[in-house]
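Notes for the one structure printed next.
The values are calculated or read from the model by the stated rules, or taken from the named source; none is laboratory data. The model shown is predicted, which means the values in this text are computed figures rather than measured ones. For neighbour counting, all protein chains shown are included, and Cβ atoms are generated from backbone atoms with ideal geometry for every residue, glycine included.
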Amino acid sequence: MANIVTRTYPKEIATRLVEQGVHPVLARIYAARGIQDGAQLQTALSGLIPPDRLTHADKMARILADAIAQGKKLLIVADYDADGATACAVAVRALRGFGAKVDYLVPNRFEHGYGLTPEIVHLAAQCAPDLIMTVDNGIASVEGVEAARRLGIPVLVTDHHLAGDVLPDAAAIVNPNAPSCDFPSKNLAGVGVIFYVMLALRAELRRRGRYAQGDAPNLAELLDLVALGTVADLVRLDDNNRILVDQGLRRIRAGKATPGILALLRVAGRDPRRVSTYDLGFVLGPRINAAGRLEDMGLGIACLLTEDLNEAMDMATKLDEMNRSRREIESGMHESALAALEQVRVEDGYSLSLADPGWHQGVIGILASRLKEKFHRPTVVFAPGGDGILKGSGRSIAGLHLRDALDLLSKHHPGLLLRFGGHAMAAGLAIRMEDFSRFAKAFEAVVQALLTPADLERIIETDGELDPAEHTLETALAIENGVWGQGFAAPAFHGQFAVIEQSVVGSRHLKLRLERQGKRHDAILFFHAEPLPDRIHAVYQLGIHEYNGTMSLQLTLRHWSPA
């Protein structure tokens, strides 16, 4: 059973926000999320934390400026997820705009593994780069950086993941989560880090006399990519990240997005003029990620780099097809996982660890996420990685920092984890195939030591009940235009409803007509085709249904129970 909890908020703060011109419903919502003043909701680029606050960004900018002046060849090594793909696109687009000779290389998940490994360095060396630059990876690549150093290739590391005990011996490291960095926001995504480095590089080039005529590249043109990678990577949307995301959304809505993003929206049937953070995280992100999960992220990056809309449409169509294949694979894996879990009492444990020889390693992260959501347990899912290795992907719940938990496990059981990395809510790891049972027991012990039974209770936070007069299209539009995501949850409400009408649409969704306090509402319940009782207690979000150019309010049910 889920425990539905209403977020509390300081009423005096909500009143102040209303006085400052904030919509009354949004004022309560923002106050519950820690907003103290309307100034925090301003999203002008001038409100960004200055690039010179990011430790070593100026040092890296000087190295890059020298490389550009000397005509050196730069090679970007990216991660194979949406954050890595957008970070690579930002780096390549910006550096080419500055006149750099730059190319990129992205590891194949199945052949090379994660990060700047020695194998990737030797592959990169075939391109004869003068300088290697990582985006969204590298902070743990001690051996890879050393391999590059032995080949005489300096490495610049830009990353946002947590550092290990030893830092790579790179020419420069820019990472807000590095031990020596005092950047006020620790929540930049990989794409946010490289965007900041490019801001610092432009400033350095200006100091050297470039762009005296005011003809410097407009880096704001890259903010649609920054917004996509930031939301898709589930980093916390603090004040600084909300500025980046809001500015990116504004560009997309104004029709100024890169051709790749416009093409991806088109194949998904989404209107760029009404794009939201939901579209970034659940429509565009999965289509970019599908390339890295099933084949090679090269297609995703190429889609984000092309300036030709027709070419972008061809690549976006292929990415959409990959995403459909990914969903089919994930559905089969989900069914087999649930069948396996029927043999155990999930509620007796604090964690879930699963492995199957038939599972696809590119999809285990999604499966881990779905199982974590269903059972509210830290979950690690493994698939064969070749050579007797299991590759795992983990997802956590509030209260358990997954990367730290794995670090603790590695100290208690030296040699059990061949490698691991990640952050609070998600992590990747590798173990020997014969060590799976040992890992499952060790992980359970660590989780039990770090969590309490109360932590395992599913809590659904809402923003309370809405007055019938607040169920309006105006309120829904105000919410839709907001910036919501990790650490700044999209608004949800709860209340009791009478179910007046219900019918199955699309073979697996329920279309509903609900009544509350004499007012009726259209509603939708996705991925549920069984009839509901006559009265329900529902957690829902205000949505917008558009048909033949006409918009109307529609409630989207996120949870229900009999009233």
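Of the conditions (1) small (Gly, Ala, Ser); (2) over 26 Å from residue 3 (Cβ atoms); (3) touching a residue at least 12 places away in the same chain (Cβ under 8 Å); (4) surrounded by fewer than 20 Cβ atoms within 10 Å (Cβ to Cβ), residue 415 clears all except one; give me its number.
For residue 415, the failing item is (3).
Mind counting the residues in region 224-244 that are of a type in the set (Val, Ile, Thr), within 12 Å of the chain's Cα centre (by Cα) and modelled with pLDDT of 95 or more?
Number satisfying all stated conditions: 3.
Looking at residue 177, is it under 23 Å from residue 53 (Cα atoms) and touching a Phe, Trp or Tyr at 6+ places or on another chain (Cβ under 8 Å)? Quick ask: steps written out before the conclusion?
Values: under 23 Å from residue 53 (Cα atoms): yes; touching a Phe, Trp or Tyr at 6+ places or on another chain (Cβ under 8 Å): no.
No, not satisfied.
Please return the ranges of strands (runs of 3 or more DSSP E) entirely within region 381-463 where 1 or more residues are at pLDDT 95 or above.
389-395, 426-432, 459-462
Give the residue, chosen from 35, 13, that is at pLDDT 95 or above, assigned to a loop (DSSP other than H, G, I, E, B) and either within 30 Å of residue 466 (Cα to Cα) or out of contact with any Ser or Thr (no Cβ under 6 Å at 6 or more places or on another chain) (or both).
On inspection, the qualifying residue turns out to be 35.
Confirm whether residue 164 is farther than 24 Å from residue 99 by Cβ, in a loop (DSSP other than H, G, I, E, B), among the small types (Gly, Ala, Ser) and assigned by TED's automatic domain parsing to the domain that holds residue 80.
Spelling it out, residue 164 is indeed farther than 24 Å from residue 99 by Cβ, in a loop (DSSP other than H, G, I, E, B), among the small types (Gly, Ala, Ser) and assigned by TED's automatic domain parsing to the domain that holds residue 80.
Would you mind finding the one in 332, 392 that is touching a Leu at 6+ places or on another chain (Cβ under 6 Å), of a type outside the set (Phe, Trp, Tyr) and either under 19 Å from residue 409 (Cβ atoms) or surrounded by fewer than 18 Cβ atoms within 10 Å (Cβ to Cβ) (or both)?
392
If a residue must be at pLDDT 95 or above and charged (D, E, K, R), how many such residues does region 85-135 contain?
Number satisfying all stated conditions: 5.
For a quick check of your reading: which helices (runs of 4 or more DSSP H) sit entirely within region 217-331 and have at least 3 residues that are small (Gly, Ala, Ser) and within 26 Å of residue 369 (Cβ to Cβ)? If you could, list the steps in order and put the result at the bottom.
Values: elements: 223-232, 239-253, 259-267, 285-294, 298-305.
Fully inside region 217-331 and qualifying: 223-232, 285-294.
Can you tell me how many residues in region 332-373 are assigned to a helix (DSSP H, G or I) and either free of Cβ contacts under 8 Å to residues at least 24 places away in the same chain or over 21 Å from the mean Cα position of the chain (by Cα) (or both)?
14
Let me confirm something: among 120, 132, 139, which residue is assigned by TED's automatic domain parsing to the domain that holds residue 293, crowded, with 24+ Cβ neighbours inside 10 Å, touching a residue at least 40 places away in the same chain (Cβ under 8 Å) and touching a His at 6+ places or on another chain (Cβ under 6 Å)?
120
Which residue pairs have Cβ atoms closer than 6 Å, lie 6 or more positions apart in sequence or on different chains, and pair a first residue in region 41-56 that is over 18 Å from residue 483 (Cα atoms) with a second residue that is of a type in the set (A, V, I, L, M) and part of a helix (DSSP H, G or I)?
51/57; 51/199; 51/200
Within region 518-530, how many residues turn out to be loosely packed, with under 11 Cβ neighbours inside 10 Å and either modelled with pLDDT of 95 or more or at positive phi (or both)?
2
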